[in-house]
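These notes concern the structure reproduced below.
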There are 4 protein chains.
Amino acid sequence: MTQTLPATIPASLFEQRADAIVEAARELSDLGWTPATSSNFSMRVDDAHAAITVSGKHKGRLGRDDIMLIDLAGNAVGTDARPSAETALHTQIYRRWPAMQAVLHTHSRTQSVASRLYAGEGVIRLQGWELQKAISGYHSHDSVLEIPVFPNTQHMPELVARVDAWLEAGKPLHAYLIDGHGIYTWGRDMAETRRHLEALEFLLACELDLKRLRAS
Amino acid sequence: MTQTLPATIPASLFEQRADAIVEAARELSDLGWTPATSSNFSMRVDDAHAAITVSGKHKGRLGRDDIMLIDLAGNAVGTDARPSAETALHTQIYRRWPAMQAVLHTHSRTQSVASRLYAGEGVIRLQGWELQKAISGYHSHDSVLEIPVFPNTQHMPELVARVDAWLEAGKPLHAYLIDGHGIYTWGRDMAETRRHLEALEFLLACELDLKRLRAS
Amino acid sequence: MTQTLPATIPASLFEQRADAIVEAARELSDLGWTPATSSNFSMRVDDAHAAITVSGKHKGRLGRDDIMLIDLAGNAVGTDARPSAETALHTQIYRRWPAMQAVLHTHSRTQSVASRLYAGEGVIRLQGWELQKAISGYHSHDSVLEIPVFPNTQHMPELVARVDAWLEAGKPLHAYLIDGHGIYTWGRDMAETRRHLEALEFLLACELDLKRLRAS
Amino acid sequence: MTQTLPATIPASLFEQRADAIVEAARELSDLGWTPATSSNFSMRVDDAHAAITVSGKHKGRLGRDDIMLIDLAGNAVGTDARPSAETALHTQIYRRWPAMQAVLHTHSRTQSVASRLYAGEGVIRLQGWELQKAISGYHSHDSVLEIPVFPNTQHMPELVARVDAWLEAGKPLHAYLIDGHGIYTWGRDMAETRRHLEALEFLLACELDLKRLRAS
């Protein structure tokens, strides 16, 4: 892949973003959260651009060349590589929240199963877990953390509209699940985004375990 | 093991196939999908030959010498090594589909348990999972992916006949399970075959999890 | 972080403690027991001081600089770093039992789920497991090992009082769980404390598995 | 530990056995099957002696010095190290079957939980799994593989008598479980013994999974 950068973006800036994405992708792949070339990852580059994984590669074996530049309308910039079909879900976050710097979308077994199980209710409500405090803005296990579960579709504008509708209803949003699919979460830097993702995977797994055990 | 090659097969070609099989075997063994010397792996070499693992070795510790040449009738070629008892299931794939280049048979706990659970129905029907799109030819989570489960037998011609019967009924086939045993899947190169296997293991595990949770 | 030591504490002593904590933290992080920067670890330094992890770091990537000195009232000594909010639970152990040299608090999925499940009863009673013998003072699988489960709170003095009340009732205590949170355990050196933690994680996991299976 | 060898045992022979035990122990520890210093391992040295792990060490960090010589009555030979309390269960195998060269006793979560679940029946009957063929002497998934489950006791002669009684009843025996404890298995060399152990762990885990799922 050849990536030509706009004059306003130094090569060192793009490479820093690409390397951070490659490292996160490798670690998340090692956890088994990106099966069979699924999942996609991005970081903001500036007010108008983001770096994102190209479509369809094994996420444990990415190199700098597998990261491409897009504008916040989701168009490739300076490359003829094809961004992920789900790019619109990344750019939506960057357009809405100028402070957000990274978006991670993974596809773990826990995320996929939880999304199927709660798709009917359209939301998973987490309460009583100390680890909810790992989500920025939560300070007690007594708070309620709501993760919406949106219906899956191969048509991205429908999903973008679902996210918009949730936010326009005035509800907080730190992550969402897509039915039978996976999770999206974001943060003000890669470390916060990773912490959010790790906490959400843990909380979903605990919630499923508890559901099984309470039925025993 | 001494392997003498026919004049039409360059040593470099056979070695490339052997090395690709050894690498796949080591990675699948590390995942725990080849317990207690089970599982077998092959790649097409040319129109009339394939390379396949010899019988009974620990799949995480194979070397080039543990891969042997066979013809598509399943006979050893240029070696007195003994191919796996299940060789006939590999050659069946290569004979039927000239485009298929690799066949992987593993034996994970998920595969074994799923096969027992669905043996009565004779098929597992997967629907609603985004990862079905990792199987070549599937473009939506809404499609139905059917994996047949054939009865186990120590007599290979019976299994070959089951596979033939399924195909002659005009049904698509990308993989099959054998009851109490494991999975067979294949593809147009090793990467596609690995992606199929990884996706199928994930989908079977999700389906079992969901079944348990829906009963809770 | 700059750590100035009191004249009575040799640098080599503090560094030995810091390195032992860093090593334990890395190994426990690798097991997945410290998700999303949770968990905290300490070792006694002398009669009046302990070394403890600073607040909020990834526990798999700590260095010597992430370990700070505190007195047994929980105050930072010779540093302006902030100790964990849960420091009071560590110093309580060191004040009560002069022989105790290490305290480990982790946050595994098994620990979190078990604590939720048994919070109503306020205790988990383990009996019939050979591995109970890994807890110092237990010599038979026939003994009963009680692990109290205390309600979670963001106010540490409440938890300190719960621990005191349990001990004042004359009951043995080798570890406790906090509801929706994790486990605390301790020992006369790091090896004993690690053995306690590993045995308790194993016993809780077995107990949950058995509960699920007996309901089948 | 100082180990003096009888004149009839070459140092190289003892060291070969010690190294093989250390390697197996490290690999089984990495799998999590030897929690909290549990488990013990041995190999036959000659007609009258075996090498066995000393009591109470972390099984992932053994060295040659943690392996000691015993006679087949279970007495330490040429060392004042203390063999495991369960030594009598190892020597029983070597006395009964001259062909047996290795005995492995592990303590995985699956083994512990399965033993509790089937302790009432006193036996686990496995049938229909292809991997039963990994146990020497089994050639079909249709055969029945019986694993007895003996009551746990801290008094070894009781267990020795249980094993003798099973064998005197004329039943085949390739492994046994002890209630709430773990598994013993053996073989004609370390590779066969490892294959038996790996297959039994897999089969027990599959059987528990299937039990849970059939109840769903």
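The values are calculated or read from the model by the stated rules, or taken from the named source; none is laboratory data. In this text, all values refer to a predicted model and were calculated from it rather than measured experimentally. No Cβ is skipped: glycine too gets one built from the backbone with ideal geometry, and neighbour counts run over all protein chains shown. What goes into the accessible areas is simple: the full protein's heavy atoms, side chains included, and nothing from ligands, DNA or RNA. Shrake-Rupley method; radii C 1.70, N 1.55, O 1.52, S 1.80 Å.
Brief remarks follow.
- Residue list for the stretch C:27-46, restricted to those being under 15 Å from the mean Cα position of the chain (by Cα) and farther than 16 Å from residue C:183 by Cα: C:27, C:43, C:44
- Scanning the stretch B:99-124 for residues that are farther than 24 Å from residue D:205 by Cα and part of a strand (DSSP E or B) yields B:102, B:103.
- Search result, residues across the stretch C:176-203 that are more than 13 Å from chain D (Cβ to nearest Cβ) and crowded, with 16+ Cβ neighbours inside 10 Å: C:176, C:177, C:178, C:179, C:180, C:181, C:182, C:183, C:184, C:186
Residue-wise test of (1) among the acidic types (Asp, Glu); (2) touching a Leu at 6+ places or on another chain (Cβ under 7 Å); (3) farther than 23 Å from residue A:31 by Cβ.
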position	(1), (2), (3)
A:136	no, no, no
A:153	no, yes, yes
A:158	yes, no, yes
A:171	no, no, yes
A:195	no, no, no
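- Residue in the stretch D:99-124 that is nearest to residue B:112 (Cα to Cα), counting only those that are within 14 Å of chain B (Cβ to nearest Cβ) and open to solvent by 10 Å² or more (accessible area, probe 1.4 Å): D:110
- Test: residue D:168 is modelled with pLDDT of 95 or more, open to solvent by 20 Å² or more (accessible area, probe 1.4 Å) and of a type outside the set (Phe, Trp, Tyr): no
- If you go through the stretch A:33-57 and keep only what is more than 14 Å from chain B (Cβ to nearest Cβ), at pLDDT below 95 and open to solvent by 30 Å² or more (accessible area, probe 1.4 Å), you end up with nothing.
- Among the residues of the stretch B:152-163, the ones that are open to solvent by 30 Å² or more (accessible area, probe 1.4 Å) and more than 25 Å from residue B:199 (Cβ to Cβ) come to 5 in all.
- So residue B:70, is it open to solvent by less than 20 Å² (accessible area, probe 1.4 Å), assigned to a helix (DSSP H, G or I) and either in contact with a Lys or Arg (Cβ under 6 Å, 6 or more places away or on another chain) or of a type in the set (A, V, I, L, M) (or both): no
- Breaking point among (1) of a type in the set (Phe, Trp, Tyr); (2) touching a residue at least 24 places away in the same chain (Cβ under 8 Å); (3) assigned to a loop (DSSP other than H, G, I, E, B), for residue D:176: (3)
- Of the criteria (1) basic (Lys, Arg); (2) closer than 24 Å to residue B:56 by Cβ; (3) assigned to a loop (DSSP other than H, G, I, E, B), which one residue D:171 fails: (2)
Matching residues to (1) under 18 Å from residue B:189 (Cα atoms); (2) out of contact with any helix residue (DSSP H, G or I) (no Cβ under 6 Å at 6 or more places or on another chain):
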residue: B:42; (1), (2): yes, no
residue: B:45; (1), (2): yes, no
residue: B:48; (1), (2): yes, yes
residue: B:51; (1), (2): yes, no
residue: B:54; (1), (2): no, no
residue: B:61; (1), (2): no, yes
residue: B:65; (1), (2): no, yes
residue: B:80; (1), (2): no, yes
residue: B:85; (1), (2): no, yes
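- Among the residues of this structure, residue C:13 counts as one that is in a helix (DSSP H, G or I) and at pLDDT 95 or above.
- Whichever residue in the stretch D:130-148 is within 26 Å of residue D:34 (Cα to Cα) and in a loop (DSSP other than H, G, I, E, B) and, among such residues, is nearest to the other protein chains (Cβ to nearest Cβ): D:135
- Selection from the stretch A:80-98 of residues that are part of a loop (DSSP other than H, G, I, E, B) and buried (at least 17 other Cβ atoms within 10 Å of the Cβ): A:81, A:84, A:86
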